Amino acid sequence: QWYQRRVVICGFRSYRNEVVVEPFHPHHNCVVGRNGSGKSNFFLAIQFVLSDEFSHMRPEQRQQLLHEGSGPRVVNAYVEITFDNTDNRIPIEKEEVTIRRVIGFKKDQYFLDKKNVTKTDVMNLLESAGFSRSNPYYIVKQGRINQMAVAPDSQRLKLLREVAGTRVYDERKEESLGILKDTEGKIEKIDEFLQYIEERLKTLEEEKEELKEYQKWDRMHRSLEYTMYDKELREVRDKLESLDQQRLEEGDRTKDFTIHLSTTANEIKFLERDLKELEIKTASTRSERDQLADERQLQIRQRAKLELDLKDLDEI
């Protein structure tokens, strides 16, 4: 028999301080009290944790769930329910499972055995144990029994499925069918992609053969190019060696010509010096010759005068 063992309320509605309600009987429990003692808020606290009615609340709605009595202002409230899980109705390997919901002006947190979890995790866990979020059969409000009694068979069948906890599996089935459909679509895309890959591989295989043939001729081409380049390189090297030899020979000839030129220049200097000396001697000789010529003319005139004088003497 699956039942709740303990309920802890603090700061929620009329419960300012922490209140622990236990133990609970596995079968039936009755809550009695005077008007205003908190019976309605006690059931509201259980509904606060287990149902989906207190979702997407506005700030003023959150404020209504917090204690508003005298004394310091309450900013947080929590309700904690501990379930007996000896029959493993909740798929957790523990004899007790505790769910706590904490609410404030802005925050709304869920805890499962003191571990922070999401609301979706808690609701999925409750649905797997038979709790329905859309139709919480486990909390029957006033007038609900009459409504269920006059409900059509289809709605009763839906309720029985929810009571049996099969709705979550139906939803998961629908979700799984959707996933399966998506998977089939992905498989078709994968098959198309595989077909494309096979065609591409075939094309690549053909290109591979073409590439092999190209590489074969390319190697031959490069081999011929290498042979031609090697031949040209040897010819160029031979020409360079010949030019180097010619350059060396021309260098030797240039050296000899330079030496000969230097010797010739020295000889020219000596010849110019001798020529200059000869010119000086020639000029001196010319001067002497002119002087002798003048003396000779003078002697000729003197002789002629003497001859005339002699002739005059002879005539006398």
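The values are calculated or read from the model by the stated rules, or taken from the named source; none is laboratory data. The model shown is predicted, which means the values in this text are computed figures rather than measured ones. All Cβ positions, even for glycine, are placed from backbone atoms using ideal geometry, and neighbour counts span all protein chains on display. Only protein heavy atoms, including side chains, enter the accessible area calculation; ligands, DNA and RNA are left aside. Shrake-Rupley method; radii C 1.70, N 1.55, O 1.52, S 1.80 Å.
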Residues (assigned to a loop (DSSP other than H, G, I, E, B) and of a type in the set (Val, Ile, Thr)) located in the range 20-63
31, 32
Could you give every pair whose Cβ atoms fall below 7 Å, whose first residue belongs to the range 87-112 and is under 19 Å from residue 131 (Cα atoms) and polar (S, T, N, Q), and whose second residue is open to solvent by less than 80 Å² (accessible area, probe 1.4 Å) and outside any strand (DSSP E or B), counting only separations of at least 6 or pairs across chains?
98/113
Kindly check whether there is at least one residue in the range 88-105 that is exposed (fewer than 12 other Cβ atoms within 10 Å of the Cβ), modelled with pLDDT under 85 and part of a loop (DSSP other than H, G, I, E, B).
yes
Condition check: open to solvent by 90 Å² or more (accessible area, probe 1.4 Å), part of a helix (DSSP H, G or I) and modelled with pLDDT of 90 or more. Does residue 189 satisfy that?
yes
Could you check how many residues of the range 58-74 are surrounded by 12 or more Cβ atoms within 10 Å (Cβ to Cβ) and within 14 Å of residue 45 (Cα to Cα)?
4
What are the residues in the range 1-57 that are in contact with a Lys or Arg (Cβ under 6 Å, 6 or more places away or on another chain), among the small types (Gly, Ala, Ser) and surrounded by 12 or more Cβ atoms within 10 Å (Cβ to Cβ), if any?
none
Is it true that residue 170 is within 48 Å of the chain's Cα centre (by Cα), part of a helix (DSSP H, G or I) and at pLDDT below 85?
yes
When you scan the range 135-157, do you find a residue that is loosely packed, with under 10 Cβ neighbours inside 10 Å, at pLDDT 75 or above and closer than 29 Å to residue 97 by Cβ, even just one?
no
